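One structure below.
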Amino acid sequence: MRITVNGTDYPVPDDVRVSLLDMLRERSGLTGSKLGCNQGACGACTVLLDGERVLSCLTLAVQAAGREVRTIEGVAAAEGELHPLQQAFIDHDGFQCGYCTPGQICSALGMLEEFRRGDPSHVTADLAGGQARFSHEEIRERMSGNLCRCGAHNGIVAAILQFADAGAGE
Amino acid sequence: MTPFSYRVATSTTEALAAAPDSSERFLGGGTNLVDLLRQNVEQADALVDVSRLPASIDETEDGGLWVGAAVRNTALAADPRIGARYPMLSRALLSGASAQIRNMATVGGNLLQRTRCAYFYDVPGARCNKRVSGAGCDAIGGFTRYHAILGASEQCAATHPSDMCVALMALDTVVHLDDGNEKRRLPLSEFYRLPGNTPHFETELRTGELVTGIQIPSCRAAVNSTYRKVRDRSSYAFALVSVAAAMRVENGVIADIRLALGGVAPRPWRAAKAEAALAGRAPSQEAFRNAADAELADARALGGNAFKIPLARSTIAAVLGELAGDAA
Ligand SMILES: Cc1cc2nc3c(=O)[nH]c(=O)nc-3n(C[C@H](O)[C@H](O)[C@H](O)COP(=O)(O)OP(=O)(O)OC[C@H]3O[C@@H](n4cnc5c(N)ncnc54)[C@H](O)[C@@H]3O)c2cc1C
Ligand code: FES
Ligand code: FES
């Protein structure tokens, strides 16, 4: 079995101890996903696995066998044009050093999907169905798994709001 | 990390198909086990991935729900039946970890996650009775802000870190187990052990035994229930103190009360003394504070965690007040 990353197939590492993050960075030349804490506490390594946001540092690569991984390298269009969410991060100063940004963007894409299918968050008032309102508070809570040491969180929330609002108007 | 083998199980039979003398460990989402193996807190030579077992949430005959062990924390929290019938369980799940971790974490793994005591994790630097039986405990006399005030022993004061399990404890949840020879059911209250002299034994789970799922009984009171978690930052942090509670008031008196605490004990803590103090009483702030006092009469602080006693008292009273609403 192989692991599909951004549409390209990669072999499953022989050593099953290799994390998905190490497989991407050290063996596949995909250094966009970042290693922060390596223990689940920062979100820098966030990727999409079959569309769901997960932490690649706590995922064994072998657990992704036969599944589809999307990393930050797979977010922009093939011709190199930025994804609108990437552009929104630039527009709103959603980063400073940029280290957390690939994780933030992958996380936000997963988060918007969760939001669309109606998943509640800790700050959602109505748990039993009924869509939460897309607000600053909701985004902050839903993005709390991605830390930014540069403190760009306000810009990050603004960028996600802009992108989501544009999407809603389509 | 020491080398290990890996296989995927897609059915309970496959999961339990290991050779009897093998030392296979089950792997759920891996959010705890992979970390523990990497930091050499735990060792394994073989992993069986049980995260792809059937993951369904089904109605039971008594009007409760059956939840497969492989159901992800995200899916359980978002299930509209949980939100409507057991809101405290949704709220507990949603207050835990981060969305990424909840997408990975399974119900089985959440039940069996290990403590976050820093001394337990510090393999090169600290002694820990939970990690190495009889080694000693560097937490006691050390940094104890996060440690237990109830149910601890001279050997160990580490807390159970789960939010989900606090709500499940209040709901009289039953764990279904299978070791290939025998299927058993244990109420969650009998599943977790207190540390005593053997803090390295945390549950009644036998070697090689699989959690197949949990059964949540129907509970009318739980429609009016909630979970409040007090922590060092407002999201993505473990509980200092948490309270899961459900209350049904009828004819001006408390007809059913469920109360459990997190962050304060080596296991999710059912506050049975507080429940007994409230059953049949008229709801009032005074009754709530007295009930909290009854539960916390046995609380013992280690120094750094002394703040948890008044914090638990006021959080219990606040949550019960919220559930009683105009009745109090
Ligand atoms: C940074 C961080 C923050 C966190 N914050 C919180 C928090 O605030 N609140 C909270 O409640 N939790 C928190 N967690 C913990 C998280 O909830 C657990 O790691 C998770 O629930 C474990 O589930 P898993 O499926 O990933 O388990 P795994 O890591 O796969 O397994 C954990 C244990 O369960 C065993 N196991 C798994 N499935 C079965 C089964 N079916 N039968 C028998 N044994 C089984 C494994 O062998 C292992 O011993 C946090 C974790 C991290 C990394
Ligand atoms: S590197 Fe994975 S969460 Fe920090
Ligand atoms: S931009 Fe520097 S860590 Fe977020």
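The values are calculated or read from the model by the stated rules, or taken from the named source; none is laboratory data. Just so we're clear, the structure is a prediction, and the values are computed from it rather than from any experiment. Here the Cβ is made from the backbone with ideal geometry for all residues, glycine too, and neighbour counts use every protein chain on show. Surface areas here come from the heavy atoms of the whole protein model, side chains and all, with no ligands, DNA or RNA. Shrake-Rupley method; radii C 1.70, N 1.55, O 1.52, S 1.80 Å.
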The set of residues whose placed amide H lies less than 5 Å from the amide H of A:LEU60, leaving out same-chain residues fewer than 5 positions away, is A:LEU20
Output row B,A: buried area (accessible, probe 1.4 Å, summed both chains) in Å², nearest hundred, equals 3000
Summed residue charge, Cβ within 12 Å of B:LYS273's Cβ, Lys/Arg positive, Asp/Glu negative
-3
Given Cβ point charges of +1 (Lys, Arg) and -1 (Asp, Glu) and nothing else, what value in debye, to the nearest 20, does the dipole of the protein assembly as shown about its Cα centre take?
1140
Mean accessible surface per residue for the protein assembly as shown, computed with a 1.4 Å probe while every protein chain stays in place, in Å²
41
Neighbour net charge for B:LEU210 - beta-carbon separation under 9 angstrom, K R +1, D E -1
-3
Whole-Hz ³J(HN,Hα) from phi, Karplus 6.51 cos²θ - 1.76 cosθ + 1.60, for the range A:2-15, glycine and proline x
10, 10, 8, 10, 6, x, 10, 7, 10, x, 6, x, 5, 7
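Sorted by packing (mean other beta-carbon atoms within 10 Å per residue), highest first, where do A:94-102, A:56-64 land?
On the way: A:94-102: 19.3, A:56-64: 26.0.
Put in order of decreasing packing, that is A:56-64, A:94-102.
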Hey, what's the Cα Rg ratio for the range B:70-112 versus the globular rule of thumb, 2.2 N^0.38 Å?
1.03
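What net charge do the residues around B:PHE191 carry, taking every other residue with its C-beta under 13 Å from that of B:PHE191, with Lys and Arg at +1 and Asp and Glu at -1? It would help to have the intermediate numbers written out before the result.
Working: positive: B:ARG184, B:ARG185, B:ARG193, B:ARG206, B:ARG267, B:ARG270; negative: B:ASP172, B:GLU190, B:GLU202, B:GLU204, B:GLU209.
Spelling it out: positives minus negatives among the neighbours equals +1.
Taking Rh as the Kirkwood radius, which is the inverse of the mean 1/r over Cα pairs, what is the Rg/Rh value for the range B:182-254?
Working: Rg = 17.2 Å, Rh = 16.1 Å.
Checking Rg against Rh, the ratio lands at 1.07.
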The range B:92-100 - phi-based ³J(HN,Hα) in whole Hz, Karplus 6.51/-1.76/1.60, Gly and Pro as x
5, 4, 5, 8, x, 6, 10, 4, 4
Which residues of the range B:76-102 show a drop of at least 20 Å² in accessible area when all protein chains are present, compared with their chain alone (probe radius 1.4 Å, heavy atoms only, ligands and nucleic acids excluded)?
B:ALA78, B:PRO80, B:GLY83, B:ARG91, B:LEU94, B:ALA99, B:GLN100, B:ILE101
Projected onto the charge dipole of the range B:99-227 (+1 at Lys/Arg Cβ, -1 at Asp/Glu Cβ, origin at the Cα centre), which of B:ALA148, B:CYS128, B:TYR227 gives the Cα projection farthest towards the positive end?
B:TYR227
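Of all accessible surface on the protein assembly as shown at a 1.4 Å probe, what whole percent is carbon and sulfur? Could the numbers behind the result be given before it?
On the way: 10120 of 20490 Å².
So the carbon and sulfur contribution to the accessible surface is 49 percent.
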Quick one: what are the phi-derived ³J(HN,Hα) couplings along the range B:284-293, Karplus 6.51/-1.76/1.60 with θ = phi - 60°, whole Hz, x for glycine and proline?
7, 4, 5, 4, 5, 5, 5, 5, 4, 4
According to the Cα gyration tensor, what semi-axes, each the square root of 5 times an eigenvalue, does the equivalent ellipsoid of the range A:84-165 have, listed from largest to smallest in whole Å?
23, 12, 10
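Taking square-rooted eigenvalues a ≥ b ≥ c of the alpha carbon gyration tensor, is the range B:65-199 rounded, prolate or oblate, where a/c under 1.5 means rounded and, failing that, a/b exceeding b/c means prolate?
Details: a/c = 2.11, a/b = 1.63, b/c = 1.29.
Verdict is prolate for the range B:65-199.
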